[in-house]
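This report refers to the structure that appears directly beneath it.
Bear in mind these aren't lab numbers, they're just calculated from the coordinates by the rules spelled out. The structure displayed is predicted, hence computed values, not measured ones. Quick reminder, even Gly has a Cβ in these numbers, built from the backbone with ideal geometry, and neighbours come from all protein chains shown.
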Amino acid sequence: MPNFQELIQKIKELNNIVEFNEMQIKALKEDYTDKNLIIASPTTSGKTLVAEAYMLNTILEKRKRAIFISPLKALTSEHFYNFKSKYEQQFDLKVGISTGDLDSSSKYLDNYQIIYLTFEKLDSLIRHRAPWLQTVGLLVIDEIHNLDTDRGAVLETTVVQLKQILPNIKIIGLSATIPNAKELAKWISGELIYSEYRPVKLKKGILFDNTIMFDDKSEEKIQTKLGVLEDLVADTLNKNKQALIFTNTRKGAESLAKKLALITNKKISEKEKKNIEKAIEEIESSLQTDYDKETTNILKCGAGFHHAGLRGSLRTKIEELFKKAALKVLVATPTLSQGCNLPAYRVIIHTIHRHSANGMQPIPVKEYVQMSGRAGRLGYDTSGESILIARDELEQDNLFEKYVYALPEDIESQLGYIPTLRTMLLSVIANEVIFDDDSLTKFFESTFYAIRFGNLHSLMTKIETVLRELISFGFVKIENNVIKPTEIGKRVSELYIDPLSAYNILHQLNRFDDFTEKEFLFTLVNTVELKPYFMPQKSKHQQLEEDLQENYRDLALDTNDLWDDYEILEKYYTYLILQDWVSEVSEQDLLNNYNVLPGTLHNKIYICEWICYAIGELAQILNKNTIHKKSKTIERRIKEGVKEELLLLVELPNIGRARARKLHTNNLKTIGDIKNCDPQRLINILGLKIADKLMQHLKMNFDINTIFVPKEEQKQKENKLEDKIPDKKQRLTKKKLETAKTQKSLFNY
């Protein structure tokens, strides 16, 4: 068992480090092994490595578990795989990860010493009182500055609960450089390690009149040919570097990527194009819409865009290609700056305004800092550039003052937001962390909110309002001045849904012994979790209103709902999309009919699955067994996007909704039907590759020599062979043809 200094030396070797940087030297001291820490330093400064050292020390020296939590699943996975690859075998550790299933104590995690979780998963484990939490000695909070986001209240109450459950737990918070980092340290009763050190120098500049003026007073001329942004991108590519561009809307990201693809297409090599095409082929079967395919046309030119509307498989592939520098330009919405690590030499912030409820508003400084932090690739660049674009000298001066030289805003607690407070208060009451007025006051005095504002009067007024609401819902009761959760209140907390959603669901369950499919789906949609609802175009409003007035009784609504609920039209529109999804309407038709992008659709489907499960669990508590049973079927239908008759077929490997419908249409409705089917017929329906896998899975006897490949599949194979043209002249002709095709497809996008 190595001592702390020996461990540090071993970590150096495993990470190929000769010497730690100044921030790491400050943070890695034996005196700090028993102290809480806030490490506030820029992106890529090596904060995670410091956390890893203390995690290993917790396991090897203290024989306790360590938990590492991140705000996003992708980020959690990235950290997990990085740690696992470096240390698991070297130190004979078991490293685990869990980012889903919020209605479980995840007993299997008891087998791991180091565990990677999302904020919500840790919160859920506390709600389910996972026994192994008692053996945790260290909590590492990645991106602790997320206290300031809509996810912040979950993090804040989770930390307070964990400190009360485990008074001796060590906490390390990893933060961006923020003005009130001292307050974070005070909140966790820890030391502050603050550093401005950045291994890749960051130059922040503003482009105006073909000149970038930087914060260090240096200047750089940009050659003018095409347009301000195009010239800036061309200059980046001429340096053989990548550009990451932030813009404020999805449409804007798509439009800019399409425009810039015409520039990048001339800069990428044939080898890079081949690599991109190969990467796209790996996920081709998951691409269901013209939107997916048009996105890949842009990728083939060496440019791409990134936002939540992209299909998951495509978004992941875009991230991989940009990391490998196959994509030269990536245009993204600001959410990318808070997620996975995708740095580039030059970050271009296309606009400092974004849409809000009050119209166009300037972005906060901390968002500018977050985006700028992506500039410069460690190991590839000695410096990185973050560029804003000004239209005139006045705006240039304004941007320097309000962004380049400005400090980011303080981090604020989000506990005062009523919907968040409602969920968090039920959670701590259900966990019996709060049980009377004194424990309630003590709990909220331990929050970051108390550190920020000192006076809890305003918050306690809101808490009293929320507590009365939870009592009226039947989730909490007060007996002899003792605050207690009801049995159903405990279950609502475990189910990880908003108490208001649970109340609305229970209201409907108490009205009916059974739901029609329409009633079930609308009850599901009529929840807080489904916000923001899909928004219909104004041109559709009148028709939707007429349809709703005609059909509202089928959805278990009454006339008051039509007039009192200002979101009723959006809910109805969302319900129609969900109804079409489980009725096997194709993703292409959903895109055409509702303008719903694949990524947005599947994100919503994931939430719908969870709410469907919750409806079933609440129905079981009320002994509504018919609805409980129906929920199991509908949950699977939502997951697969099929009618009930296809549920058996979609359980088979590589058989999704489209292939299952093909089989069913051809009277292959059961596994028995498929097993008794002539192999040649199965190949004609599914194609050789999928049919072969299916027949092997079902252990069907067939002789491959008697199988004929369908003509269409044979033609595709022949075309692939023709692509391998050995003659140089033919290759050049083919290249010109491909370029023309690519440009044509871009203009048609």
How many percent of Cα pairs in the stretch 451-559 exceed 19 Å? 62
Please list, in chain and number order, the residues 5+ apart from GLY173 or on another chain whose amide H is under 5 Å from its amide H, with Hs placed from the backbone. LEU37, ILE38, ILE39, ILE141
Among PHE443, TYR112, ASN210, which residue has its Cα positioned farthest towards the positive end of the charge dipole of the chain, with +1 placed on the Cβ of Lys and Arg, -1 on the Cβ of Asp and Glu, and the dipole taken about the Cα centre? ASN210
MET535 to ASP31: FRET efficiency via 1/(1 + (r/R0)^6), r the Cβ-Cβ distance, R0 45 Å, to the nearest 0.05? 0.25
Ranked highest first by the average count of other Cβ atoms within 10 Å around their residues, in what order do 444-452, 378-386, 86-94 fall? 444-452, 378-386, 86-94
Amide H partners (placed H, <5 Å) of VAL331, local residues excluded: ILE245, GLY304, PHE305, HIS306
Output row, site ARG511, 7 Å Cα→C-beta label point, backbone N cut-off 20 Å, window the stretch 528-544, residues 528-531
Viscosity 1.567 mPa s, temperature 4 °C: what is the translational diffusion coefficient of the stretch 146-264 from Stokes-Einstein with a Kirkwood Rh over Cα pairs, rounded to a whole number of µm²/s? 69
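Calculate, in whole percent, how much of the Cα-Cα pair population of the stretch 577-624 lies beyond 16 Å.
For the stretch 577-624, the fraction of Cα-Cα distances above 16 Å is 47 percent.
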In this structure, the FRET efficiency calculated for ASP92 and LYS324 from their beta-carbon separation, with R0 = 41 Å, to the nearest 0.05, is 0.80
With the dipole of the chain defined by +1 on each Lys or Arg Cβ and -1 on each Asp or Glu Cβ, the option from GLN338, ILE471, LEU125 whose Cα lies farthest towards the positive pole is GLN338
For ASN595 and TYR503, compute 0.36 nm times the residue count separating them, minus their Cα-Cα distance, and round to one decimal in nm. 30.0 nm
Mean projected area, convex hull of alpha-carbon positions in the stretch 650-706, reported to one decimal in nm², is 3.4
Modelled label-to-label distance, GLN361 and GLU651, 7 Å Cα→beta-carbon offset: nm? 5.0
Between THR249 and HIS457, what FRET efficiency comes out of the Förster formula 1/(1 + (r/R0)^6) with R0 = 41 Å and r the beta carbon distance, rounded to 0.05? 0.55
About the Cα centre, and with charges only on the beta carbon of Lys, Arg (+1) and Asp, Glu (-1), how big is the dipole of the chain? Nearest 20 debye, please. 2920
Highest mean first, how do 221-230, 164-173, 243-252, 564-573 rank when packing is the count of other Cβ atoms within 10 Å averaged over residues? 243-252, 164-173, 564-573, 221-230
Once the in-chain neighbours fewer than 8 apart are removed, the lysines whose Cα is under 19 Å from LYS689 read LYS278, LYS662, LYS675, LYS699, LYS711, LYS715, LYS717, LYS720
Tell me, in nm to one decimal, what length is gained between THR465 and ILE418 on full extension, where the rule is 0.36 nm per residue of separation less the Cα-Cα distance? 16.0 nm
Take THR316 and ILE621, extend 7 Å from each Cα along the Cα→Cβ direction, and tell me the distance between the two endpoints in nm. 3.5
Check: the stretch 427-579 dipole with +1 on Lys, Arg Cβ and -1 on Asp, Glu Cβ, in debye: 520
Magnitude of the charge dipole, the stretch 499-641, Cβ model with Lys/Arg +1 and Asp/Glu -1, debye to 20: 460
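Would you kindly state how much longer the chain becomes between THR351 and THR559 on full extension, computed as 0.36 nm times their sequence separation minus their alpha carbon distance, in nm to one decimal?
Going from the current span to full extension adds 70.4 nm.
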Using only alpha carbons, build the gyration tensor for the chain and give me the equivalent ellipsoid semi-axes, biggest first, whole Å. 41, 39, 28
Based on the mean of other beta carbon atoms within 10 Å per residue, what is the order of 294-303, 16-25, most packed first? 294-303, 16-25
Among ILE674, ALA691, ILE655 - extreme Cα towards positive end, dipole of the stretch 650-706, charges at beta-carbon: ILE655
Work out how far the C-alpha atoms of the stretch 4-194 reach from end to end along every principal axis, then list the three figures in whole Å, largest first. 45, 40, 30
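Kirkwood hydrodynamic radius (Cα pairs, Å) of the stretch 35-89? Write down the numbers at each step before the final one.
Working: mean 1/r = 0.0807 Å⁻¹.
Radius from the Kirkwood sum: 12.4 Å.
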Using label points projected 7 Å from each Cα along Cα→Cβ, tell me how many nm separate GLU61 and ASN3, to one decimal. 1.0
For the stretch 499-641, what are the per-bin percents of Cα-Cα distances with bins 5 Å wide, up to the bin holding the maximum? 2, 10, 21, 23, 21, 15, 7, 2, 0
From the alpha carbon gyration tensor of the stretch 611-706, can you work out the equivalent ellipsoid semi-axes (sqrt of 5 times each eigenvalue) and give them in Å, largest to smallest? 35, 11, 10
Hey, could you grab the Kirkwood Rh for the stretch 132-177? Inverse mean 1/r over distinct alpha carbon pairs, Å, one decimal. 11.2
